[in-house]
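Let me begin by presenting the structure, written as structure tokens, before commenting on it.
The values are calculated or read from the model by the stated rules, or taken from the named source; none is laboratory data. These figures come from a predicted structure and were not determined experimentally. Neighbour counts run over all protein chains shown; Cβ positions are idealised from the backbone, glycine included. SASA here: full protein model, heavy atoms, side chains in, ligands and nucleic acids out. Shrake-Rupley method; radii C 1.70, N 1.55, O 1.52, S 1.80 Å.
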Amino acid sequence: SDAICNFVICNDSSLRSQPIIFNPDFFVEKLRHEKPEVFTELVVSNITRLIDLPGAELAQLMGEEDPKLPGANSTASGFFRSLMSLKRKDKGVVFGSPLTEEGIAQVSQLIEYLHKNLRAEGLFRVPGNSIRQQILKDALNSGTDIDLDSGEFHSNDVATLLKMFLGELPEPLLTHKHFHAHLKIADLTLFDEKGNKTSTPDKERQIEALQLLFLILPAPNRSLLKLLLDLLYQTAKKQDKNKMSAHNLALMFAPHILWPRNVTANDLQENITKLNNGVTFMIKHSQKLFKAPAYIRECARLHYLGSRAHTSKDDLDLLTSPGSKELQPLKSQKRSRLDTCHQEETQQRTEEALKELFRHVHNMPDSAKKKKLIRQFNKHPTALTPGSDVPTSPAPRRTRSRSFSGLIKRKVLGTPVILERRSRDATPEPERVSKENIHLLQKCGSPAHMSQAKLKSLEGRKEESCRRMRAHLLSKDSSSL
């Protein structure tokens, strides 16, 4: 079976008519939760295929080393780090705490409200009222239910508070470990005909790299990132009303979701443009970034359902590529084994058909027709003659029934007469059928030396000849009776 189906018994008749949703990333998520080490190795191996990560940066991505970030040794970074630590001493349940699913549940109220108010001009750029923001922040930290639709808060208050929440996280939403990988993704460009790099971004490879990188984000980070990018994507779609394009939104959110914590613009220098453009690209293509690449799905599926374990897209390409030179010996061996098995099966069926035909001829009453057919069998070098499995003793000659009861049956039923007429209309001359059959056998030779297509053609023609000869012989027997 190529899929696993989960059946749930539902007693609620109102739910039985609901459509069944199939998750194409089912095996990807299953592999992520059940075997995280195998999953991470699978994803990272494909990331390194797309972008060049030196040993230190790869170790940082894998979490084996602490990330080395720009401006980590500057005095400014030390000042900002101490300032942020002082702020986090007074942290509450949501703001300033490490990201959790409970915190996301609270913040999702802000995102849901903003989806309903995307037409506000200058959304995320115009600051809200600080007093209302503090009231809303305290309510979120205490876990109090909030009615944002009551009109007490403005959309700019909620938008500013969302940015504040992201800015107070201990690390950016895309984590420090992934910082260098995002810089390398921004450098992915197309190549010209001579193999030289151009300045044109390679969007397909960038999307694929981001898909892979998002797969190994912590689950809470990935959940909130998906909610946030979808909100920014919908906001940019209404830029004719709110005057906020994808690039403008990226300028607002890049420091919160991608820039390392405790750094300034001077620390990043030439990387600021890359980072801002990277966030712009994420917003524009957010609807594609949270789907696992097809080869990752296939690898995860084969891990559970197949016997082969593939570790990269290259392995799958090699297996599916029709012109792969490395796999040609394997393919030819497999094809030769299949052809040999098919030839043996075809030859066996042909021999069984010829044996059955010979038995039928051998059991016929002695006549000139029977002798002629036996002579035709003996002319063929591979023809089957009566052997140990066929009785050699001649069958007793059956006398023609001329009883009065037999005459009545023939007159009343009429079956032999009808069969004889049908067989005369549908069956060619016996001499022509038998000669054609023997001619085909002599011309084509042994089935073991023929191609698969010829074997199928010969098999069909032999079976048709045997069928016609059998029908003719049956008609002869009925007429003789």
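Every test in (1) farther than 23 Å from residue 221 by Cβ; (2) of a type outside the set (Ser, Thr, Tyr); (3) open to solvent by less than 60 Å² (accessible area, probe 1.4 Å) is passed by residue 138 save one, and that test is (3). Residue check: residue 121 meets all listed conditions (1) surrounded by 20 or more Cβ atoms within 10 Å (Cβ to Cβ); (2) touching a residue at least 40 places away in the same chain (Cβ under 8 Å) but one, namely (1).
All conditions in (1) open to solvent by 60 Å² or more (accessible area, probe 1.4 Å); (2) modelled with pLDDT under 90; (3) more than 32 Å from the chain's Cα centre (by Cα); (4) assigned by the TED database to the domain that holds residue 166 hold for residue 101, with the sole exception of (3). On inspection, residue 294 qualifies as surrounded by fewer than 16 Cβ atoms within 10 Å (Cβ to Cβ) and within 23 Å of the chain's Cα centre (by Cα).
Residues that are outside any helix (DSSP H, G or I) and in contact with a helix residue (DSSP H, G or I) (Cβ under 6 Å, 6 or more places away or on another chain) within the stretch 179-213 comprise just one, 188.
Limited to the stretch 242-252, what total is found for residues that are under 36 Å from the mean Cα position of the chain (by Cα) and more than 11 Å from residue 275 (Cβ to Cβ)? Total satisfying the criteria: 4. Would you be able to say whether some residue in the stretch 229-246 is in a helix (DSSP H, G or I) and in contact with a Gly (Cβ under 9 Å, 6 or more places away or on another chain)? Within the stretch 229-246, one or more residues are in a helix (DSSP H, G or I) and in contact with a Gly (Cβ under 9 Å, 6 or more places away or on another chain).
When 262, 277 are checked against the criterion of being in contact (Cβ under 8 Å) with a residue 12 or more places away in the chain and either surrounded by 19 or more Cβ atoms within 10 Å (Cβ to Cβ) or in a loop (DSSP other than H, G, I, E, B) (or both), 262 stands alone in meeting it.
Out of (1) modelled with pLDDT of 90 or more; (2) farther than 22 Å from residue 96 by Cα, the odd one out for residue 138 is which? Unmet condition: (2). Report the residue count in the stretch 214-224 for those that are under 10 Å from residue 175 (Cβ atoms) and assigned to a helix (DSSP H, G or I). Qualifying residue count, the stretch 214-224: 1. Does the stretch 297-321 hold any residues that are at pLDDT 90 or above and either more than 15 Å from the chain's Cα centre (by Cα) or open to solvent by less than 30 Å² (accessible area, probe 1.4 Å) (or both), and which are they? Of everything in the stretch 297-321, those that are at pLDDT 90 or above and either more than 15 Å from the chain's Cα centre (by Cα) or open to solvent by less than 30 Å² (accessible area, probe 1.4 Å) (or both) turn out to be 299, 300, 302.
For the stretch 142-199, the tally of residues that are touching a strand residue (DSSP E or B) at 6+ places or on another chain (Cβ under 6 Å) and among the basic types (Lys, Arg) stands at 1.
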